[in-house]
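Have a look at the structure below before the remarks.
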Amino acid sequence: MQDSNSFDVILLGTNLVNSILSSACSWANLKVLHIDENPFYGEVDGSFSLRDIINISENGNLEVGNLRIKRSGDDALALQDVNIEVLEKGLLPSFKGFTIELISKEMYAGGSLVELLSKTKIYKYLLLKPQRSFRLYTSDQVWTKVPESRADIFNDKTLPLTHKRMIMRFMKFVSSVDDNQNQEKLKEWLSKPFQDFLKKNFELPRTIQEGIVYGLCQSLDSNISTQHALEKIKKYYQSFGTYGEYSYLLAMYGTGSELCQGFCRSSAVMGSTFMLAQKINKVEATSVELGEGERVWANNVITSRPMKSASKSGINIRQRCIIVRGKCPGLFHQNLFLLSEASQIHFVPYSLGDRFSNSVQVRALGAGTGNCPEGYTLWYLQTLDCEEYFEVFTLATNKLLELSHSEDTKPLMYVDVLIDQNDLADYDVAVEIAKQLYETITGSTDTFFQRDTSFDDDDE
């Protein structure tokens, strides 16, 4: 066993958990080898361009390729099913400028990931943009605004004073949810449906409850537990106002992919070795056999596995990314000075028809996010896996077309993905899992991203 082939840690897969862990280990002066069988950073947290999935044949026709994303060191494909459909071949623009995320999810402005980006200065590798919760389509089939802040509630002329007081009482409870008195009140409710908790304790109107459960929580499951829902709402309100009048951030050019590359770049600067598009023959407890038969050794070999969230396990999510021609100004928040180009739109259960009992969560991204060229938008739709998902997505798309306020708006192409719900856990979960793995490797979290001086561009 040669020293050049020996490491303290071998990481398989450049998903966000492993990318954070790679950087943390290198900061602790551990010798790290980071391998990914995919030819790009990010694995399931990565992004791809149109050129990655569409080829032009010799006769000039578009041919859809087979998108395969592999978990490094694992036999199972990360994405269970990917279906790509080109609707308007003649209207598809140049391949340049599109970045499609494999799994679209939120980044809380006040969450542990953003705190870590700030602490380590890795945010310098990213261009961050705000993202707002914009509109909710109620079970009464009416568009309404999500109550993002106290100011929203006070300024809403459609709400009677009694309803405003009810909402303020709930918001006050959320802000003090960790108090002993409230914790005692919550004990019997933690595992019960959140909607039942709201009905029993706050007597909120149905439309307000829908705004909380499907707007603030962005729940896909109508039976989301009280514990999980309150965790999300608390994080939402703690994030609002951290950097502005919004709770979410995104990174330009594909959030997950950019985050992974940022942490991997930090790791490389601190001395880690990276190998992309590297075939792996065999993984053992303390060694990895590479495709050429060469073997590398480490005390710790970390493979790529789905993140575990607080949600129910074993549930699959359907996601559809739609490339749309049109700026769609009606889908974005606008004030006197600025049109936001990243927003979240929510369809509550049964709002799209009596047969559709699942909510649909939507992220709309404009050209200002760097994910598509000028004159186009990307729509990400997500719902629980069910037989009717295709019809549900079609109905939601038609409603978005009506709301877009753009006559030339036209869907050109979509990418459908079947996702394990554990992979949909928000980015803060990745930080916690990376910490747990770091403690397994080093015996403590005391040195997790601790250095005499913070990482900076001067270290390169």
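The values are calculated or read from the model by the stated rules, or taken from the named source; none is laboratory data. What you are looking at is a predicted structure, and each value in this text was computed from that prediction instead of being measured. Neighbour counts run over all protein chains shown; Cβ positions are idealised from the backbone, glycine included. To get the accessible areas, we keep the full protein, side chains included, count just its heavy atoms, and leave off ligands, DNA and RNA. Shrake-Rupley method; radii C 1.70, N 1.55, O 1.52, S 1.80 Å.
What does the charge count near V392 come to, summing +1 for each Lys or Arg and -1 for each Asp or Glu among other residues with Cβ under 15 Å from its Cβ?
-3
So in the chain, what percent of DSSP beta bridges are antiparallel if you round to the nearest 5?
Roughly 75 percent of the beta bridges in the chain run antiparallel, per DSSP.
Determine one quarter of the surface area of the Cα convex hull of the chain, which equals its mean projected area, and express it in nm² to one decimal.
It is 24.5 nm².
Name the helices (complete DSSP H segments) of the chain with a Cα length along the long axis of 15 Å or more and a Kyte-Doolittle mean of at least 1.0, or state none.
Result, helices passing both filters: 16-27.
Using a 1.4 Å probe on the protein chains only, how many percent of the accessible area of region 150-239 belongs to carbon and sulfur?
Roughly 48 percent, rounded to a whole number.
Could you give P(r) for region 246-301, binned at 10 Å from zero, as whole percent values over all Cα-Cα pairs?
Whole-percent P(r) values from 0 Å outward: 19, 33, 31, 13, 4, 0.
Rank these residues by their accessible area, most exposed first, probe 1.4 Å: W189, W297.
Descending order: W297, W189.
Calculate, for D152 and V283, the FRET efficiency according to 1/(1 + (r/R0)^6) with r their C-beta to C-beta distance and R0 56 Å; round to the nearest 0.05.
0.65
Please give me the summed charge of the neighbours of E188: other residues whose Cβ is under 12 Å from its Cβ, Lys and Arg +1, Asp and Glu -1.
Every neighbour counted, the sum reads +2.
Is there a pair in K164/K185; K105/K129; K235/K410; K129/K327; K119/K145; K145/K232 whose C-alpha atoms are over 26 Å apart, and which pairs would that be?
Pairs exceeding 26 Å: K235/K410; K119/K145.
Report, to one decimal in Å, the Kirkwood hydrodynamic radius for region 150-239 based on all distinct Cα pairs.
Evaluated on region 150-239, it is 13.4 Å.
Quick check: the distance between the Cα centres of region 380-406 and region 109-125, to the nearest angstrom?
Each part reduced to its Cα centre gives a spacing of 33 Å.
What is the ratio of the Cα radius of gyration of region 193-311 to 2.2 N^0.38 Å, with N the residue count, to two decimals?
1.62
With each run of n ≥ 4 DSSP H residues scored as -39500 (n - 2.57), what mean residue ellipticity at 222 nm is computed for the chain after dividing by its residue count and rounding to the nearest 500 deg cm²/dmol?
It lands at -8500 deg cm²/dmol.
Run the numbers on the chain and let me know its relative contact order in percent, using alpha-carbon pairs under 8 Å that are six or more apart.
27 percent.
Assuming 0.36 nm per residue, please report the length gained on full extension of the stretch D446 to D196 beyond their Cα-Cα distance.
Result for the pair: 85.9 nm of gain on full extension.
Using only Cα atoms, what Kirkwood radius does region 237-392 have, in angstroms?
Taking every pair of different Cα atoms in region 237-392, averaging 1/r and inverting gives 19.8 Å.
Per Stokes-Einstein, at 20 °C and 1.002 mPa s, what whole-number D in µm² s⁻¹ belongs to region 374-436, with the Kirkwood radius over Cα pairs as the hydrodynamic radius?
Answer from the Stokes-Einstein relation: 147 µm²/s.
If you put +1 on each Lys and Arg Cβ and -1 on each Asp and Glu Cβ, how big is the dipole of the chain around its Cα centre, in Debye rounded to 20?
Computed charge dipole of the chain: roughly 1440 debye.
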